[in-house]
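**Q** Before anything else, here's the structure in question.
Each value in this text was obtained by applying a stated rule to the coordinates, not by laboratory testing. Keep in mind the model is a prediction, meaning the values are calculated, not measured. Here the Cβ positions follow ideal geometry from the backbone for every residue, glycine too, while neighbour counts run over all protein chains shown.
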Amino acid sequence: MASTKYRWLAEYYDHLYEFRRPFTTARKCILKPVMPGVESACDLACGTGTHALEMAARGIRMYAVDLSPQMCRIARGKARRAKLPVRVIEADMRIFHLPETVDLVTCEFDAINHVPRKQDLRRVFRAVARALKPGGYFSFDLNNRLAFEQIWPRNWFIDKDPVAIVVHGDHIPGTDRAWSDVEIFIRKGKIWTRHHDRVEEVCWGATEVESALEAAGFGDLNAWDAAPFFNDELTPPGNRTFWRARKR
Ligand SMILES: C[S@@+](CC[C@H](N)C(=O)[O-])C[C@H]1O[C@@H](n2cnc3c(N)ncnc32)[C@H](O)[C@@H]1O
C-alpha cells in the first residue's frame, strides 16, 4: 500500500533537513571497516536518495527503497540529473525484494521506528536478511524509549524561507509509541499555505533488537550510542542507537 506520509515533507526534505549531517559522520565511522568489500548495496527507506546517490557516485551498484511515492519520485529525479544508476523501488521495508542479493543494506534516520507495529521489527529484519548475501552487513539507527520521553514531547521549529515547519509531538508514558504532528507553512510570493504531516513511531529495547536480529540470522552485533556523533541537545545519551550486524 502506498504511503501518504511525508506527502509534504518529501517536497522540502532536502531544503529543511540539513541537520541530518551527523548521520553521515556516524555512517563513515561505523561502516569504515566494511566498505572496502562492498560492491552492491541498498539504502532502505531512502527518503530523497541522498545517501544512495553518494554510494553510487563511489561506483557501488545501488538500490534505493522507500514506501513514499513522493520520496521515490524525488530520489529518481536526483539520480537522473546526477546521471547515476540508482534503481529506486517503491516498497514497504517489511516485504521488499531486490533483483539481486547485495553486500550492504543501510537504513538511516530512525526509519525502522516508522513501522506501525512492534512485531514488524522481525519482518523488517527478515526482509533485510533475504536481501543480503551471506556475510553481508546491515547498518541502521533507532530511536529509543528515552527519545520518546525526553525529546518527542518538545515543540520545535525550522524557519527556512520559503518553508517553515512547526513540530509538536507526544508520547503516552509507559508505552513504546510516539507521534509528531508537523505543520508545514509554504510561501509562494505573499501567500502562505498550510499543510500537515504526521509521523508515528514505535521503539524497542536493546534486548528486543538483539533477539530479533539473531532470529533473522544476523550475528556479529555492534551498537553505538549516537550522542557523540551528534553532540547536540536533540540527541542526549541513550536517545538513539546505531547498530551494525552481519548476516551469518
Ligand atoms: C526520517 S525519513 C529518513 C529518510 C532517509 N533514510 C534519510 O536518512 O534521510 C523516514 C523514511 O522512511 C520511509 N518509510 C516509512 N515507513 C516505511 C516503510 N514501511 N517502508 C519503507 N519506507 C518507509 C519514509 O517514507 C521516509 O522516507
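**Q** Dipole magnitude of the chain about its Cα centre, charges +1 at Lys/Arg Cβ and -1 at Asp/Glu Cβ only, in debye to the nearest 20?
**A** With only Lys, Arg, Asp and Glu charged at Cβ, the dipole is about 920 debye.
**Q** Which order do the peptides 71-78, 176-183 come out in when sorted by mean C-beta neighbours inside 10 angstrom, highest first?
**A** By packing density, highest mean first, the sequence is 71-78, 176-183.
**Q** Computed FRET efficiency, Cβ-Cβ of ARG187 and ARG117, R0 30 Å: what is it to the nearest 0.05?
**A** 0.20
**Q** If amide H atoms are built 1.01 Å from N in the plane of the peptide, which residues on other chains or at least 5 residues away come under 5 Å of the amide H of ARG61?
**A** Excluding prolines and chain starts, which carry no amide H, the hits are SER40, ALA41.
**Q** Only helical DSSP H runs with n ≥ 4 go in: add -39500 (n - 2.57) per run for the chain, normalise by residue count and round the 222 nm mean residue ellipticity to 500 deg cm²/dmol.
**A** One gets -8500 deg cm²/dmol as the mean residue ellipticity at 222 nm.
**Q** Let me ask another. Which length gain, in nm to one decimal place, applies between CYS29 and ARG80 when the Cα-Cα distance is subtracted from 0.36 nm times their residue separation?
**A** 15.5 nm
**Q** Percent relative contact order of the chain, based on C-alpha pairs within less than 8 angstrom and at least six residues apart?
**A** 19 percent
**Q** In terms of the Cα gyration tensor, with a ≥ b ≥ c the square roots of its eigenvalues, is region 148-200 rounded because a/c is under 1.5, prolate because a/b exceeds b/c, or oblate?
**A** prolate
**Q** Going by a ≥ b ≥ c, the root eigenvalues of the Cα gyration tensor, does region 42-124 fall in the rounded group (a/c under 1.5), the prolate group (a/b larger than b/c) or the oblate group?
**A** prolate
**Q** Considering only Cα-Cα distances, which of the following residue pairs are longer than 27 Å: LYS118/LYS160; LYS5/LYS160; LYS28/LYS133; LYS32/LYS133?
**A** LYS118/LYS160
**Q** Sort the chain into rounded, prolate or oblate with this rule: let a ≥ b ≥ c be the square roots of the eigenvalues of the Cα gyration tensor; rounded if a/c is under 1.5, and if a/c is not under 1.5, prolate when a/b is larger than b/c, oblate otherwise.
**A** Judged from the Cα gyration tensor, the chain comes out oblate (a/c at least 1.5, b/c at or above a/b).
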